[in-house]
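Right, one structure below, let's go through it.
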Amino acid sequence: MARQRVRDEWLERIKAVEREFLVAQTAVEDFWTALNSGITELPAKTKARDAQATSDHLEGTYLIRLFAAFESGLRSYYATLKDTTPAMKDLIDAIAARRNVSDELRDEVHEVREYRNSLVHEGENEIEPVALSVARSRLCTYFARLPDDWKS
Amino acid sequence: MSQLKLPKKPVPDWEKVRDEWVRAVEQLVADVEAWCKANDWPTRRIEKRLEDSRIGEYYAPALVIQVDLVKLMLEPVARYTPGSDGVVDLYLMPAYADAASIFRRGSRWEFFAVITADKLPEDERPFQPDSDVVGMPGVFDKASFTDLVQLLK
């Protein structure tokens with residue numbers, strides 16, 4: 001039986017972040033239900049607005065993690081080509097050119113990157129949000145253009 | 001193969017539990033391989049490494065399936081899941097989009113897929129004005145797998 005290839009291991013790590021998000025999302029929804037029905041209380045030193053912020057920021061938090069997994073994988077591959085550390089924008093462009101990624105997909109990945117940047121550097125620019133499932137689809141489709149294996 | 005990591009929070013008889021789970025996944029993969037062969041869909045097995053705090057590190061097979069221009073992957077996810085004795089997911093590749101989750105319940109496998117309603121024949125579409133997707137549960141066998149693949153294509 002063939003062993004799992006490096007590219008597929010990275011793809012799986014990206015996907016795993018989305019699965020963790022789905023569990024966390026359900027946990028937060030259940031927490032709200034329990035809170036509203038008086039079954040549970042807010043943790044000490046927290047207020048309702050903190051719980052609301054947890055809900056509001058959950059998907060964005062996981063999008064940052066999703067992109068971090070994608071970036072780590074991309075840099076792991078790029079390190080086998082060159083001994084430099086380009087900015088993420090340049091890295092996406094360089095690998096897209098090398099691996100024949102369509103312009104459309106490359107641009108969609110940049111939209112995810114820009115949204116991720118807007119989350120990290122809160123409110124700098126108004127960026128169209130990208131849902132986590134859409135981001136995962138774009139990042140995995142792009143990542144699947146990499147070769148099967150490399151020395152990580 | 002290097003030394004497998006031991007479980008951090010082992011369940012009683014964890015080696016037996018792990019081996020029994022791996023055997024169940026191997027049997028499922030073998031069944032799906034046979035169903036694919038009957039439909040002339042090429043497959044390729046991959047050895048996947050998994051880590052679980054209760055049964056340690058282990059290897060189990062995953063299966064890549066090529067159906068015309070569509071690629072699917074059957075991938076073991078976890079032995080311990082709420083309400084079942086393990087789950088294997090079916091993904092549409094390369095986007096890694098969820099196609100179905102396949103749960104082991106007792107000696108059989110059951111699936112739950114979310115299908116966009118427009119993929120279903122018109123007379124089978126439920127009246128759900130608030131949703132364009134339909135949940136499809138059922139026993140996972142040759143007929144349901146073949147039907148599911150046709151809906152995913």
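The values are calculated or read from the model by the stated rules, or taken from the named source; none is laboratory data. Here the structure is a predicted model, which is why all the values come from computation and not from measurement. Don't worry about glycine lacking a Cβ; one is built from the backbone with ideal geometry, like all the others, and counts go over all protein chains shown. The area values use the complete protein model at the heavy-atom level, side chains included, leaving out ligands, DNA and RNA. Shrake-Rupley method; radii C 1.70, N 1.55, O 1.52, S 1.80 Å.
A few notes on this one:
- Our helix-only sum for the protein assembly as shown, with -39,500 (n - 2.57) per DSSP H run of n ≥ 4 divided by its residues, gives a mean residue ellipticity at 222 nm of -15500 deg cm²/dmol.
- Reduced Cα scattering model of segment B:14-152, Debye log10 I(q)/I(0), q = 0.15, 0.22 Å⁻¹: -0.75, -1.43
- Chain B, relative contact order in percent, only Cα pairs under 8 angstrom and at least six apart counted: 15 percent
- Note on A:Glu126/B:Val70: beta-carbon distance plugged into 1/(1 + (r/R0)^6) with R0 of 30 Å gives a FRET efficiency of 0.20.
- Relative to the longest principal axis of the Cα atoms of chain A, helix A:132-143 runs at roughly 10 degrees.
- Relative contact order computed over segment B:11-85 (Cα-Cα under 8 Å; 6+ residues apart), in percent: 27 percent
- Calculated on the Cα set of the protein assembly as shown, radius of gyration then Dmax: 21.0, 61 Å.
- Viscosity 1.306 mPa s, 10 °C: Kirkwood-radius Stokes-Einstein D of segment A:6-143 over Cα pairs, µm²/s: 96 µm²/s
- Net charge dipole size for the protein assembly as shown [Lys, Arg +1 and Asp, Glu -1 on Cβ; Debye, nearest 20]: 1300 debye
- Using the Cβ-Cβ distance between B:Arg105 and A:Arg99 with R0 = 41 Å, the FRET efficiency computed as 1/(1 + (r/R0)^6) comes to roughly 0.45.
- Angle of helix A:6-36 to the longest C-alpha principal axis of chain A, folded into 0 to 90 degrees and rounded to 10: 10°.
- Note on chain A: with charges restricted to the Cβ of Lys and Arg (+1) and Asp and Glu (-1), its dipole about the Cα centre is near 700 debye.
- Angle in degrees between helix B:14-38 and the longest Cα principal axis of chain B, rounded to the nearest 10: 30 degrees
- Assigned charges on the beta-carbon of Lys, Arg, Asp, Glu; segment B:1-124 dipole about Cα centre (debye): 680 debye
- Counting only protein heavy atoms and a 1.4 Å probe, chain A has 58 square angstrom of accessible area per residue.
- Within a straight-line Cα-Cα reach of under 19 Å, A:Lys82 can be paired with the following lysines, leaving aside sequence neighbours fewer than 8 residues apart in one chain: A:Lys151.
- Across A:Ala94, A:Ala44, A:Ala68, mean-square fluctuation computed from a Gaussian network of chain A (C-alpha pairs under 10 Å connected) peaks at A:Ala44.
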